[in-house]
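A short write-up of the structure that comes next.
The values are calculated or read from the model by the stated rules, or taken from the named source; none is laboratory data. No experiment lies behind these values; they were computed from the predicted model shown. Every residue, glycine as well, gets a Cβ built from its backbone with ideal geometry; the counts of neighbours run over all protein chains shown. Surface areas here come from the heavy atoms of the whole protein model, side chains and all, with no ligands, DNA or RNA. Shrake-Rupley method; radii C 1.70, N 1.55, O 1.52, S 1.80 Å.
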Amino acid sequence: MADKITVPGLMKMKQQGEKITCLTAYDYSFARVLDEAGIDILLVGDSVGCVVQGQPNTLAVTMDEMIYHTRLVVRGRNRALVIGDMPFLSFQVSKTQAVQNAGRFLREAGAEAIKLEGGVPMRDTIDAIVSAGIPVMGHIGLTPQSVHRFGGYKIQGREKGQREIIVRDALAVQEAGAFAVVLEGMPTTLAKEITERLTIPTIGIGAGVHCDGQVLVIHDLLGLFDDFTPKFVKQYADMKKAMATAVKSFIGDVREQKFPGEEHSFK
Ligand code: KIV
């Protein structure tokens, strides 16, 4: 078993040119599978709102729900670093509220770090949370909690002005003390420039191959969620089909009295 993943360990991975892997998880069973497979980071994302709760976006996810899911994931992990995602309005209202909510992920759920969306406007908030001893992962570019401001899930940073804003966001997040930053939904060249300029690791999602690591939503990777599939998703399995096949077999067996058999019954 490789060494436990830590915040300083991730920084070292960037320095050594070792790619960082990150997947979302929302419960014990998934966390165990991913951890045993060797994933570096388990992100308890607010994407739980879409892929678990069936909501159209992440905006309705609450702190209590995030704490609940993070607790389940922590129980299933052994080696990976667990990061809890700060939901909408849990950190934007005041720095005090942000520090208190970030602390809940560590104290009540056992996470080792938190993630929050936003660049320059979140600089002081990140600084306050880091000053409280809580490691922070930033998240810039196509930040899903700003879906209504963007007018949809649109790639960010294609125009020169927008590109400069995102570079400034990346630098602000690093200066505020974040240990890593998610780059979401931006051109490959922009993510490359940011990755080269930052000393902290960049974790890409829809940001091309040059990032220091990659993250995907586990339900997308496994083909379990098909309400919408962004271009950046690579589906590594068709678990929806595999599950439907298994369930249809069960239904058929019960109807034909093939299940339970002798081997599943008691004398
Ligand atoms: O909520 C989430 O799952 C995320 C990742 C996709 C980065 O923020």
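With respect to ILE83, determine if the residue is farther than 20 Å from VAL181 by Cβ and touching a Lys or Arg at 6+ places or on another chain (Cβ under 7 Å). Criteria not met by ILE83. When the residues of region 241-267 are narrowed to those that are open to solvent by 100 Å² or more (accessible area, probe 1.4 Å) and of a type in the set (D, E, K, R), which ends up nearest to TYR26 (Cα to Cα)? Checked region 241-267; the qualifying residue nearest to TYR26 (Cα to Cα) is LYS241. Does TYR68 qualify as being modelled with pLDDT of 95 or more, away from the ligand (no atom under 13 Å from the Cβ) and assigned by TED's automatic domain parsing to the domain that holds PRO135? Against the criterion (modelled with pLDDT of 95 or more, away from the ligand (no atom under 13 Å from the Cβ) and assigned by TED's automatic domain parsing to the domain that holds PRO135), TYR68 qualifies. Taking region 86-110 as the range and being within 16 Å of the ligand (Cβ to nearest atom), open to solvent by less than 10 Å² (accessible area, probe 1.4 Å) and either among the hydrophobic types (A, V, I, L, M, F, W, C) or touching a Pro at 6+ places or on another chain (Cβ under 8 Å) (or both) as the test, the residues that pass are MET86, PHE91, ALA102, PHE105, ALA109.
For region 199-210, a residue qualifies if it is touching a residue at least 24 places away in the same chain (Cβ under 8 Å) and open to solvent by 10 Å² or more (accessible area, probe 1.4 Å), and the qualifying residues are THR199, ILE205, GLY206. Based on what the data block shows, is THR229 in a loop (DSSP other than H, G, I, E, B) and modelled with pLDDT under 95? Criteria met by THR229.
For region 50-84, filtered to residues that are open to solvent by 40 Å² or more (accessible area, probe 1.4 Å) and hydroxyl-bearing (Ser, Thr, Tyr), the residue that is nearest to LEU116 (Cα to Cα) is THR62. Exactly one residue out of SER146, SER131 is surrounded by fewer than 23 Cβ atoms within 10 Å (Cβ to Cβ), hydroxyl-bearing (Ser, Thr, Tyr) and more than 20 Å from ASN57 (Cβ to Cβ), and it is SER131.
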